[in-house]
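Worksheet: one structure, shown below.
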Amino acid sequence: MAAALSFAQAAEPRFNNPLVKQRADPQVTLHSDGYYYYTATAPEYDRIELRRARSLNDLGAADAHVAWRKHASGEMGAHIWAPEMHYIDGKWYIYFTAGRADAIWEIRLYVLENSSPNPLEGEWIERGQLKTGWESFSLDATTFALDGKRYLVWTQRAPEATAHATNIYMAQMESPLSIKGPPVLLSRPEYAWEKVKYEVNEAPAVLVRNGRVFMTYSASATDANYCLGLLTAPVGSDLLNAGSWSKSPTPVFASSAANGQYGPGHNSFTTTPDGKTDILVYHARNYRDIVGDPLKDQNRHTRAQALRWRADGTPDFGVPVAD
């Protein structure tokens, strides 16, 4: 309880939203060197960029370093989406999504590795596909460690699926490049708000606080219907047992017409430099109506706001703040 109250009472930081324009699926890491490292989906879907800054508000003006570009042919040749960079056992890893140049919807998970202390330097080496146990549409991998175990959480179409719908899966990692044991299905679209236009559970992100593991995910089409759901499990429970997790029956973060922000989602979590305030980083558009395919609309902007905590230790996401 005291931890929850201390988070709630800390002075909230102010952000110059949007932090970075035309960058979706943002992920931020506050590293031990005091820098925020940032990556996101580039609107051309053709490369992976990295930035770093001492302040989140400085990310928009920071140099964008191209760490890797798509292949001209074959695998990793299209739809370069949702990169996430993690520091594991003294090396940097980027988990990302890519299709084939000749089959752009053959979406799979891939990994890059860099041994340089500064990931904006050194060489990013391709480590190939991250195998999940079966071959189907898969994307949006993230990783976290707890109680001496590292886990991979990602999005994939079920092996037995006859229609296109995406679920959230989880497995323990054997190494930064592989999983061990069978994946566990944690969440599938079941509520109406998860099935608007498309049946979607995707883009998991994990935050461990107040004796619980909180996992957000994004649901429905990538237009104004996009929103965040929440899964919760007790710390110390078997996280690879789907029964350990409870699911919020309603979205925890959704469009706000009053604040002019639409389709908030695909978030990550970070903190202020002193670690006292949790920060929600996400993307949204500042208009509701989209002409044509939402995936071709480039105006999903990276945004941030303080994450508040209720007295019972659960997160209060509130609504997307106005620009």
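The values are calculated or read from the model by the stated rules, or taken from the named source; none is laboratory data. Note that the structure is predicted; figures quoted are calculated from it, not measured. Here Cβ is always computed from backbone atoms with ideal geometry, including for glycine, and neighbour counts include all displayed protein chains. For the accessible areas, the whole protein counts, side chains as well, though only heavy atoms, and no ligand, DNA or RNA atoms are used. Shrake-Rupley method; radii C 1.70, N 1.55, O 1.52, S 1.80 Å.
So which residue, out of 68, 245, 134, gets the largest mean-square fluctuation from a GNM of the chain using Cα contacts under 10 Å as springs?
The residue with the greatest mean-square fluctuation here is 134.
Arrange the residues 235, 291, 20 by how much accessible surface each exposes, largest first, with a 1.4 angstrom probe.
291, 235, 20
What is the set of long-range amide H partners of residue 212 at a cut-off below 5 Å, with H atoms built 1.01 Å from backbone N?
Those qualifying (amide H under 5 Å, at least 5 residues apart or on another chain) are 235.
Determine the relative contact order of region 185-323: mean sequence separation of Cα pairs under 8 Å and six or more apart, normalised by residue count, in whole percent.
Once normalised by length, the contact order is 19 percent.
Charges only on Cβ, +1 for Lys and Arg, -1 for Asp and Glu: so what's the dipole of region 246-323 about the Cα centre, in debye to the nearest 20?
60
Mind jotting down the distance between the C-alpha centroids of region 111-129 and region 154-198, whole Å?
Spelled out, the Cα-based centre of one part sits 27 Å from the other.
With charges set only on the Cβ (+1 for Lys and Arg, -1 for Asp and Glu), what does the dipole of the chain come to about its Cα centre, in debye to the nearest 20?
Using only the charged Cβ atoms, the result is roughly 420 debye.
Express in Å², to the nearest 10, the accessible area of residue 213 obtained by rolling a 1.4 Å probe over the protein heavy atoms while all chains stay in place.
Here the residue's solvent-accessible area equals roughly 0 Å².
Mind running the shape call on the chain? Use the C-alpha gyration tensor, a ≥ b ≥ c as the square roots of the eigenvalues: rounded below 1.5 for a/c, prolate if a/b tops b/c, oblate otherwise. Present the calculation step by step, with values, prior to reporting the outcome.
Numbers: a/c = 1.15, a/b = 1.12, b/c = 1.03.
Note, shape of the chain comes out rounded.
Once ligands and nucleic acids are excluded and a 1.4 Å probe is used, how much of residue 144 is accessible, expressed in Å² to the nearest 10?
20
Counting helices only, and only those DSSP H runs with n ≥ 4, report the 222 nm mean residue ellipticity of the chain as the sum of -39,500 (n - 2.57) divided by its residues, in deg cm²/dmol to the nearest 500.
-500 deg cm²/dmol
In terms of the Cα gyration tensor, with a ≥ b ≥ c the square roots of its eigenvalues, is region 40-101 rounded because a/c is under 1.5, prolate because a/b exceeds b/c, or oblate?
Numbers: a/c = 2.69, a/b = 1.52, b/c = 1.77.
Because a/c hits 1.5 or more and a/b fails to exceed b/c, region 40-101 counts as oblate.
Taking all protein chains as present, what is the carbon and sulfur share of the accessible area of region 283-323, in % to the nearest whole number, probe 1.4 Å? Could you put the intermediate results ahead of the total?
Details: 990 of 2040 Å².
Roughly 48 percent of what the probe reaches on region 283-323 is carbon or sulfur.
Just going by the charge dipole of the chain, with Lys and Arg at +1 and Asp and Glu at -1 on Cβ, which of 78, 178, 39 is farthest out on the positive end?
Most positive-ward Cα: 39.
For residue 70, what accessible surface area do you get with a 1.4 Å probe? Give it in Å², rounded to 10.
Roughly 90 Å² of residue 70 is accessible to a 1.4 Å probe.
Accessible area, 1.4 Å probe, largest first: how do 54, 310 sort?
Correct descending sequence by accessible area is 54, 310.
Exceeding 30 Å between C-alpha atoms, which entries from my cross-link table qualify? They are 276/296; 149/276; 91/296.
Over 30 Å Cα-Cα: 276/296; 91/296.
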